[in-house]
Amino acid sequence: MPTPDLHAVELAETAAQAFRDAFGAEPEGLWAAPGRVNLIGEHTDYNEGFVMPFALPYYAAAAVAKAETWAFHSTYGEGDTVRADSLDGVEGWAAYIAGVAWAMNESGYPVAPAHIAVNSDVPHGAGLSSSAALECATLIALADLYGHEIDRAEAARIAQKAENEYVGAPTGVLDQSASLLCTEGNVMFLDCRDFSREQVPFDLAAEGLVMLVIDTQAPHRHVDGEYGARRADCEEAARRLGVPFLRDAPRDATLEDDRLNRRTRHILTENDRVLATVDILKRGTVSGIGDLLTASHVSLRDDYEVSSVELDSAVDAALGAGALGARMTGGGFGGSAIALVESTAAAKVEAAVLEAAAERGLPTPRVFVARAAAGAHRVS
Ligand code: GLA
C-alpha cells in the first residue's frame, strides 16, 4: 500500500472517532478521496474530449464497517446520522453515499449494508468536487470491504452513475476520474473517450511558481439547469454536424445557429488547448501555459457562457496584478478560479483579487495555494 497522505490520515482519524461515537464500534478500515481542480479542459468531458485535472490536498475520509442495516454519519455541522432500511430514496448529503452503493449493485459489484462515517475538508459548493470526493471515498471503501477489485476507470464510471442516476445531477466523468486516478505531483491528461491517460509532472516550485485557487464564495444560481442546457446544446450541435460527439467535429465546423456555433467552437478550441498544454508541460515549462489558461477562460466566458461576474472579477484582477494566466475551473456559474503566479507575486495577486471583489460588492473570496496531491487511497 502506498504511503497515505498525512493530511488524509488526520481527516480519517477524525472520521474514525466520529464512527465510534455514532455507532459504538470500531471501523474496519479508513479510506480517503480528494477534491480536484481542473487545470484546463472544461466542459469537454461529456463531449468525449480531453481534461487535465490534479487532486487537491483536501479529502473526504470514510470510516466504514459491515453492518446489518445502512447508516451514514457526517461530521458536517453538528454531525448528522441518517439510517436507512434500504438504498431507496436516501436524500441530502447521504444520497452521494447511498447512490454509490446502489450504483455498485447495479454494476455487478454487490454490496451489503454498512455503517459509514465521513469527514471532509473539501470546500463545499466551491466547484472543487466535494461530492465526487465523498462518492469515491465510499466506493473504494465498499469495494475493499466486500472484496471487489474494480479498475479505477470503471470505478469512476460507477461513481458518475451514482451522481447522474441516483442524485440526479447530469455531470460528466471529470470529477470522479480526478479523485480516483490522479497521482501526487502530477497533473493527469485524460482522454474521456477511452480513459487513456498520462501523468504529466507538474513541478511549480522548480520554476518559482504557485497555483492559487480562488474560491469566489459566490452563491449558487440555477447551476444544474444551466449545466444541463449546455449538455443539450452540445448534443444538438453534434447531431446537426452528423458526429457522435463534438470531439469528432471537424476543426472548421460551422453551424447556422450562432449559439450552437459558439458552443462547438469552445469544445474544439478547448480540446486543442489541452493538447497544447500537454506539449508545453512535457517540454518542462509550466510558465509557458499561462496564455492557454487565460484563453480557456475567455472561451468559457464568451462562447460557452458559463462564467460569472465573481469569476470574471477574480480572473481579471489576477491578470491585472501580474498572474501568468488565470481561468475559472470546474462547471462555472460561481465556484472557483485558478491563477498561475510567480511565488513572489502571490501576495500582490491575492490582494488585488480581494480588492476587486470588495469594490464590486461581491463576497470575499478565499484564496489558497494548490498542490498536486495523491488520488483516492486506503489510509488504514
Ligand atoms: C462539473 C462536472 C464535470 C465537468 C465540469 C466542467 O465539474 O461535474 O463533469 O463537466 O463541470 O468541465
Starting from the Cα of SER380, step 7 Å along the direction of its Cβ; do the same at GLU26; then give the gap between the two resulting points in nm.
1.0
Expected 222 nm ellipticity per residue - DSSP helices of 4 or more, -39500 (n - 2.57), all of the chain, to 500:
-12500 deg cm²/dmol
Compute the signed sum of charges (Lys and Arg +1, Asp and Glu -1) over the other residues within less than 12 Å, Cβ to Cβ, of ILE158.
-3
Please turn the phi angles of the stretch 202-213 into ³J(HN,Hα) values with the Karplus equation 6.51 cos²θ - 1.76 cosθ + 1.60 (θ = phi - 60°), one per residue in order, whole Hz, x for glycine and proline.
9, 9, 5, 4, 4, 9, x, 10, 9, 10, 8, 9
Axial C-alpha extent at least 30 Å, average Kyte-Doolittle at least 0.5 - helices from the chain (DSSP)
none
Given Cα pairs under 8 Å that are at least 6 residues apart, what percent is the relative contact order of the stretch 6-200?
27
Kindly rank 270-277, 16-23 from highest to lowest mean number of other beta carbons found within 10 Å of each residue.
270-277, 16-23
Take each of the peptides 178-187, 129-138, average the number of other beta-carbon atoms within 10 Å over its residues, and list them starting from the highest.
129-138, 178-187
More than 40 angstrom apart: percent of Cα pairs within the chain
13
Net charge near ASP80, counting Lys/Arg +1 and Asp/Glu -1 over other residues with Cβ under 13 Å of its Cβ?
-2
What percent do you get for the relative contact order of the stretch 272-380 when only Cα pairs under 8 Å and 6+ apart count?
20
Taking 0.36 nm per residue of sequence separation and subtracting the Cα-Cα distance, how much length would be gained by fully extending the chain between VAL243 and ARG157, in nm to one decimal?
28.7 nm
Sites ALA205 and ARG360 - FRET efficiency at Förster radius 51 Å, r taken between beta-carbons, to 0.05:
0.95
Determine the sum of side-chain charges near PHE54: Lys and Arg each +1, Asp and Glu each -1, restricted to other residues whose C-beta is under 11 angstrom from that of PHE54.
+1
With the convex hull built on the Cα atoms of the stretch 6-200, state its orientation-averaged projected area in nm².
10.0
Two pseudo-spin positions, 7 Å from Cα along C-beta at TYR146 and at THR183, lie apart in nanometres by 2.9
Run the quick spin-label model on ALA232 and SER196: label points 7 Å from Cα toward the beta carbon, then report their separation in nm to one decimal.
3.5
Amide H neighbours of GLY332 at under 5 Å, excluding residues fewer than 5 places away on the same chain, with H built from the backbone geometry, are none
In the chain, what % of DSSP beta bridges are antiparallel (nearest 5)?
90
So, relative contact order of the chain in percent, Cα under 8 Å, 6 or more apart, is 23
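Any read-out appearing in this document is the output of simple, stated calculations on the displayed coordinates, not a laboratory observation. If you're wondering where the values come from, they're calculated on a predicted model, not measured in any experiment. Using ideal geometry, Cβ is built from the backbone for each residue, glycine included, and neighbour counts are taken over all protein chains shown.
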